[in-house]
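Peer 1: Starting off with a structure, shown below.
Values in this text are rule-based calculations from the coordinates and carry no lab data. Remember, predicted model here, so these are calculated numbers, not experimental data. Glycine gets a Cβ as well: all are built from the backbone with ideal geometry, and neighbour counts include every protein chain shown.
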Amino acid sequence: MDDFMDDLVYKKRGKGPASSSLIDISPNSSSANSPLPTLAQLQEKQRSELIEMAQLRYGIKGGAVQINLVPLHIHLGMTQKEIFKELLAAPEAEHADQVLYALAKGEIDADMANQILASLALLDKFKKTKIEP
């Protein structure tokens, strides 16, 4: 994997000498004047896009969709641990869909959904990892 992301000066991929293809991101550079979104703005955009995607996928917005998921009792007051316990009542293949469906219905917020989905993906990756003795 490239280690160019660790530097404060990023190298533009392409032809030509390396010195002419450097991008200066220091506060005094002319590119610093262009308005970049803040971390909070990027996170809010990600949350709203995740909610919209879930609402479209499960028919909350748009056309009607038939949902055939095991009914769970997830609500906004639950902790991540409590939601994982509730997910155990559903088949493993439905876990991510259950989280997205709860998000679409407003039963959990986008931050919690992101955390749970990331945890589910990590658990799935661990299950696929073969440990040799």
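Peer 1: Return a whole-number percent for the relative contact order of the range 53-126, with Cα pairs under 8 Å and 6 or more residues apart as the contact set. Before the final figure, lay out each step's value.
Peer 2: Working: 59 pairs, mean separation 24.1, N = 74.
Relative CO of the range 53-126 lands at 33 percent.
Peer 1: Moving on. Could you tell me which trypsin sites (Lys or Arg not before Pro) in the range 35-130 are loop residues by DSSP with no more than 15 other beta carbons within 10 angstrom of their beta carbon?
Peer 2: Values: sites: 45, 47, 57, 61, 81, 85, 105, 125, 127, 128, 130; in loops: 61, 105, 130.
Qualifying residues, ordered by number: 61, 105, 130.
Peer 1: How large, in Å, is the range 29-133 by the Kirkwood hydrodynamic radius built from its alpha-carbon pairs? Present the calculation step by step, with values, prior to reporting the outcome.
Peer 2: Numbers: mean 1/r = 0.0640 Å⁻¹.
Evaluated over the range 29-133, this radius sits at 15.6 Å.
Peer 1: Take peptides 90-98, 72-80 and line them up by average Cβ neighbours within 10 Å, highest first, as a rough protection proxy. All intermediate terms of the calculation are to be shown ahead of the outcome.
Peer 2: Values: 90-98: 15.1, 72-80: 13.1.
Packing order, densest peptide first, comes out as 90-98, 72-80.
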